[in-house]
């Protein structure tokens, strides 16, 4: 007597389908942007039916914002784990900056940037992107503070952390068309040196000793 085939639990199949859709949505958004990234295109990339997409994500806005949110969460977790292993020492700040700058490179960043740009002109999309942007920005800020060991009660430190993330974003945008490793390395090294003085209070100390 042959045994009946073991059926995959429905809940597990649903999780697998959802994960495939999120992966596919990020890839499609990075490649063809918001206008080209239709539900049909994502369904074909994930090899599922359009109905399956809409079962998990009723609207296109739901699909793409969920994809960015999910993938960014995974990325932040990896960077936190890697950052926790960075040893203390003279190169600590520069190494942390490398990790933070890496968030603004690759497929996920291209996808997010395409979504953010589209939200400028699309009010419905903007209403979904704004809370996502606030949530991700807060998570990035907290992560940068932790990895840098920054004391945000010191004057100038919160602004320096914000400036660090703005610098990382700017490098990401600049290198979408022309990647230049030497230029990026020089900028990161110089900013790390400045950031160290702010984090340690050296600038304040120098100012107090002058005169």
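The numbers here are math on the coordinates, done by the rules we state, and not lab data. These numbers were taken from a predicted model, which means no experiment stands behind them. Positions of Cβ are backbone-derived with ideal geometry, glycine not excepted, and every protein chain shown enters the neighbour counts.
In table form, for the structure just shown:
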quantity: The chain: calculated mean residue ellipticity at 222 nm from DSSP helix runs of at least 4, using -39500 (n - 2.57); calculated: -26000 deg cm²/dmol
quantity: Residues residue 50 and residue 142, FRET efficiency given R0 of 35 Å [Cβ-Cβ distance, rounded to 0.05]; calculated: 0.40
quantity: Highest-fluctuation residue, 96, 16, 48 considered, GNM on the chain with Cα pairs under 10 Å; calculated: 16
quantity: Rounded tilt (10° steps) of 92-102 against the dominant C-alpha axis of the chain; calculated: 30 degrees
quantity: P(r) tail fraction, the stretch 63-211 - alpha-carbon pairs more than 28 Å apart, %; calculated: 24 percent
quantity: Modelled FRET efficiency - R0 41 Å, residue 154 with residue 14, Cβ distances, 0.05 increments; calculated: 0.30
quantity: Distance in nm between pseudo-label sites at residue 105 and residue 189 (7 Å out along the Cβ direction from Cα); calculated: 1.6 nm
quantity: Overall form of the stretch 99-156 per C-alpha gyration tensor (a/c, 1.5; a/b vs b/c); calculated: oblate
quantity: At R0 = 35 Å, FRET efficiency that the Cβ-Cβ distance of residue 122 and residue 82 yields, to 0.05; calculated: 0.50
quantity: Where labels lie 7 Å past Cα in the beta-carbon direction, separation of residue 40 and residue 197 in nm; calculated: 5.9 nm
